[in-house]
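Below: the structure, in structure tokens.
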Amino acid sequence: MPFGFGGSEKKSSDASQYAQNYPGENGYHHDYPPTGDMDSDLHVVCPSTTTDSKMTRRIDIRLIPVLCILYLLAFLDRVNIGNANVYGLSKELGLKNVEYNTALVIFFVPYILFEIPSNLLLKKFKPHIWLAANMFMFGLVTVLQGLVKSYSGLLATRFFLGVFETGMFPG
């Protein structure tokens, strides 16, 4: 029968045709036709023990819990100023309603302004350096916020909390 349908003819696969027609360097035969002069530079052999799903699972197991804790801490910081106001923050610092609202809003100004520059810096520095530095500074400013004795100190700490929290979530 013509074209290899049904009979006892020997069938040849496309891979063997390519291997015969397109030998690689040093007699190595590829299972695909060459696409350019740079094919030998692009050939990467992955270890048989490592698969994408295993690697992704390892990264997820190590990274997701840490990111969840960071997100929880950032959320607690956002709502904590409301709790502090209930327990007398405005009375201790002598804040009026407008000043308290300004302290709440000033957090979001650098958060919005520095979102894109933070992403650019994340590309420039390695994520483990950028995220660690932001988290350390975020923690330091959070501690300093607890030591605030004036309205200007509260504004400064809220501003810098917005700056450092901006760098944590794009990463």
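The values are calculated or read from the model by the stated rules, or taken from the named source; none is laboratory data. Remember, predicted model here, so these are calculated numbers, not experimental data. Note: ideal-geometry Cβ built from the backbone for every residue, glycine included; neighbour counts use all protein chains shown. Note: accessible area is taken over every heavy atom of the protein model, side chains too, but ligands, DNA and RNA are not part of it. Shrake-Rupley method; radii C 1.70, N 1.55, O 1.52, S 1.80 Å.
At a glance:
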item: Filter result (over 13 Å from Tyr151 (Cβ atoms), part of a helix (DSSP H, G or I) and open to solvent by 90 Å² or more (accessible area, probe 1.4 Å)) within the stretch 76-96; result: Val86
item: Cβ pairs under 6 Å, 6+ apart, first in the stretch 141-158 and farther than 20 Å from Tyr111 by Cβ and in a helix (DSSP H, G or I), second open to solvent by less than 30 Å² (accessible area, probe 1.4 Å) and not aliphatic (A, V, I, L, M); result: none
item: Every residue from the stretch 97-112 that is part of a helix (DSSP H, G or I) and touching a residue at least 40 places away in the same chain (Cβ under 8 Å); result: Glu99, Thr102, Ala103, Leu104, Phe108, Val109, Pro110, Tyr111
item: Selected residue [under 19 Å from the mean Cα position of the chain (by Cα) and closer than 30 Å to Lys91 by Cα] from Phe138, Phe125; result: Phe138
